[in-house]
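Visitor: Once you've had a glance at the structure underneath, I'll fire off some questions.
The values are calculated or read from the model by the stated rules, or taken from the named source; none is laboratory data. Source: prediction; values computed, not measured. Note that each Cβ is placed from the backbone with ideal geometry, even for glycine, and that neighbours are counted across all protein chains shown.
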């Protein structure tokens, strides 16, 4: 196992940071590394809002469901899927652009994911810790207003960055056999592998909480999917110009 | 700049590979590294189909728009957004699951992007080259049938992997200032920065083609957005159980 693969396998979300700031030239280098990720047809459909305003940070922490580290981490970046920049450019070149296609949402969301993951890995390689904040989609309209996001741009997730002040355990993952198939999808073997994973997760939760948290992967997912997950997203995306045609 | 950031900044899509196979234990390690990426609420909503069947490879190369390297590369992986595994698990735990939420599409698509990018970086760190194949969304229904994808699973992109038999130049990216904003999105400065980037891209295309390809970023985007991008995606996703409620 080389050092890069070792780094990737060592990922943990960090939610407690020291006060040490991130040097501006390092931050810039992280963004540049992010931009070097693959991008569909070179559209480069991701924009990043670096939030330095303490008032906006505090508000974002609330909007994300009361996650204090959003306000207190050294840097907080909001990764936005941006179909405005490439389609505006195409329009200036005389194209009769159709916006709001479902495919455009996918392209911009994937571009954003790849870029952000490069930023995350670059950050971790420099000794920083990170945490993705999907919670900004709890209140995407308010987040978009706060950051002045125009139509055809939507906030996919945030990312906390900073020097870690905690060293949490690595959270287990499903067995490789449960996610990797050869030539065709095989649902038949999933249940047994998930059961095996549930046992590992149960041990993990018990060990971490001194026996208090007696749950597993499957039981953790049940409440998550028992309610309609962020049911406002469809309407929000539509208003933001992603009509999903 | 550390070696990991250097690796990230050195990314090029590779479309020509040597015959050298990828060792099974390395491939497994790449997938494991992929799984270690962050995942929204630990749902782990990505499954990977490793396509080894030569007939399926050939068919996928055609379905992706005649990309021969899909058939000839050492390994071809199809990364699928998989909401079936976590929602099935939640159902077994007694949850009354609502599927087809727009948010679920986003969660699974982002999870897939983060995992794939980890696989890509792990691969490049081991001396492999990779190329994302978004072209499988040209014919997503046929791809899904070929790989036996059940409802609530959709193919986001493929990835060619192998030892490189070419050494293409790094493709330039937009200036950092065009993608990174502080506290709010600023569309006003975009046009000038894009113009500056167009000049750089024009030089890049001219140099690469001995003066034959006289174009730039903006002019390349115009035809891409002049037609409706993969207009079948909405209906395909709906049939696949992603109703986008």
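Visitor: When you look at residue B:230, is it in contact with a helix residue (DSSP H, G or I) (Cβ under 9 Å, 6 or more places away or on another chain), on the phi < 0 side of the Ramachandran plot, at pLDDT 95 or above and within 7 Å of another protein chain (Cβ to nearest Cβ), yes or no?
Guide: So residue B:230 does not fit the description; no.
Visitor: Out of all the residues in the stretch B:118-172, which are farther than 23 Å from residue A:33 by Cα, facing chain A (nearest Cβ under 9 Å) and assigned to a loop (DSSP other than H, G, I, E, B)?
Guide: Residues satisfying the conditions are B:147, B:148, B:149, B:150.
Visitor: Check whether at least one residue in the stretch A:102-113 is within 22 Å of residue B:218 (Cα to Cα) and either free of Cβ contacts under 8 Å to residues at least 24 places away in the same chain or assigned to a strand (DSSP E or B) (or both), and report yes or no.
Guide: yes
Visitor: Before we move on, is residue B:200 at pLDDT 95 or above, within 7 Å of another protein chain (Cβ to nearest Cβ) and in a helix (DSSP H, G or I)? Walk me through it before giving the result.
Guide: Numbers: at pLDDT 95 or above: yes; within 7 Å of another protein chain (Cβ to nearest Cβ): no; in a helix (DSSP H, G or I): yes.
Considered against the rule, which asks whether it is at pLDDT 95 or above, within 7 Å of another protein chain (Cβ to nearest Cβ) and in a helix (DSSP H, G or I), residue B:200 comes out as no.
This table checks each residue for (1) part of a helix (DSSP H, G or I); (2) more than 30 Å from residue B:56 (Cα to Cα); (3) more than 25 Å from the chain's Cα centre (by Cα).
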| position | (1), (2), (3) |
| --- | --- |
| A:178 | yes, no, no |
| A:185 | no, no, yes |
| A:193 | yes, no, yes |
| A:229 | no, yes, no |
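Visitor: Out of the stretch B:40-81, which residues are more than 8 Å from chain A (Cβ to nearest Cβ) and either part of a strand (DSSP E or B) or farther than 15 Å from residue B:160 by Cα (or both)?
Guide: So the first thing to find is which residues in the stretch B:40-81 are more than 8 Å from chain A (Cβ to nearest Cβ), and the list is B:45, B:54-55, B:57-79, B:81.
Passing the criteria: B:45, B:55, B:75, B:76, B:77, B:78, B:79, B:81.
Visitor: Just the residues that are facing chain B (nearest Cβ under 7 Å), without any contact (Cβ under 8 Å) to a residue 12 or more places away in the chain and either crowded, with 21+ Cβ neighbours inside 10 Å or assigned to a loop (DSSP other than H, G, I, E, B) (or both), please, taken from the stretch A:216-227.
Guide: Once the filter is applied, which keeps residues that are facing chain B (nearest Cβ under 7 Å), without any contact (Cβ under 8 Å) to a residue 12 or more places away in the chain and either crowded, with 21+ Cβ neighbours inside 10 Å or assigned to a loop (DSSP other than H, G, I, E, B) (or both), the stretch A:216-227 yields A:221, A:225.
Visitor: Another one. Please go through the stretch B:58-73 and pick out each residue that is surrounded by fewer than 18 Cβ atoms within 10 Å (Cβ to Cβ), over 13 Å from residue B:131 (Cα atoms) and touching a helix residue (DSSP H, G or I) at 6+ places or on another chain (Cβ under 8 Å).
Guide: Scanning the stretch B:58-73 gives B:58, B:65.
Visitor: Also: Determine the pairs where a residue that is free of Cβ contacts under 8 Å to residues at least 40 places away in the same chain and more than 7 Å from chain B (Cβ to nearest Cβ), located within the stretch A:2-15, has a partner that is surrounded by fewer than 20 Cβ atoms within 10 Å (Cβ to Cβ) and not in a helix (DSSP H, G or I) with Cβ atoms under 6 Å apart, the partner being 6 or more residues away or on another chain.
Guide: none
Visitor: Same structure again: Within the stretch B:179-197, which residues are buried (at least 18 other Cβ atoms within 10 Å of the Cβ) and modelled with pLDDT of 95 or more? Working first, answer last.
Guide: Pass one, the stretch B:179-197, residues buried (at least 18 other Cβ atoms within 10 Å of the Cβ): B:179-181, B:185, B:190, B:194, B:197.
Within the stretch B:179-197, B:179, B:180, B:181, B:185, B:194, B:197 qualify.
Visitor: Which one of these is on the phi > 0 side of the Ramachandran plot, assigned by TED's automatic domain parsing to the domain that holds residue B:31 and touching a strand residue (DSSP E or B) at 6+ places or on another chain (Cβ under 9 Å): B:100, B:127, B:94, B:135? It would help to see each step written out before you state the result.
Guide: Numbers: B:100 fails: touching a strand residue (DSSP E or B) at 6+ places or on another chain (Cβ under 9 Å); B:94 fails: touching a strand residue (DSSP E or B) at 6+ places or on another chain (Cβ under 9 Å); B:135 fails: on the phi > 0 side of the Ramachandran plot.
Of B:100, B:127, B:94, B:135, the one residue that is on the phi > 0 side of the Ramachandran plot, assigned by TED's automatic domain parsing to the domain that holds residue B:31 and touching a strand residue (DSSP E or B) at 6+ places or on another chain (Cβ under 9 Å) is B:127.
Visitor: Quick check: is even one residue across the stretch B:20-37 more than 30 Å from residue A:229 (Cα to Cα), modelled with pLDDT of 95 or more, assigned to a helix (DSSP H, G or I) and within 17 Å of the chain's Cα centre (by Cα)? Even if it seems obvious, please write down each step before you answer.
Guide: Restricting attention to the stretch B:20-37, the residues satisfying the condition of being more than 30 Å from residue A:229 (Cα to Cα) are B:20-30.
Next cut, modelled with pLDDT of 95 or more only: B:20-30.
Add one more test, that the residue is assigned to a helix (DSSP H, G or I), and what stays is B:24-30.
Checking the rest, the ones that are also within 17 Å of the chain's Cα centre (by Cα) come to B:30.
Checking the stretch B:20-37: at least one residue is more than 30 Å from residue A:229 (Cα to Cα), modelled with pLDDT of 95 or more, assigned to a helix (DSSP H, G or I) and within 17 Å of the chain's Cα centre (by Cα).
Visitor: Looking at residue B:95, is it surrounded by 21 or more Cβ atoms within 10 Å (Cβ to Cβ) and either free of Cβ contacts under 8 Å to residues at least 12 places away in the same chain or not in a helix (DSSP H, G or I) (or both)?
Guide: On the way: surrounded by 21 or more Cβ atoms within 10 Å (Cβ to Cβ): no; either free of Cβ contacts under 8 Å to residues at least 12 places away in the same chain or not in a helix (DSSP H, G or I) (or both): yes.
Considered against the rule, which asks whether it is surrounded by 21 or more Cβ atoms within 10 Å (Cβ to Cβ) and either free of Cβ contacts under 8 Å to residues at least 12 places away in the same chain or not in a helix (DSSP H, G or I) (or both), residue B:95 comes out as no.
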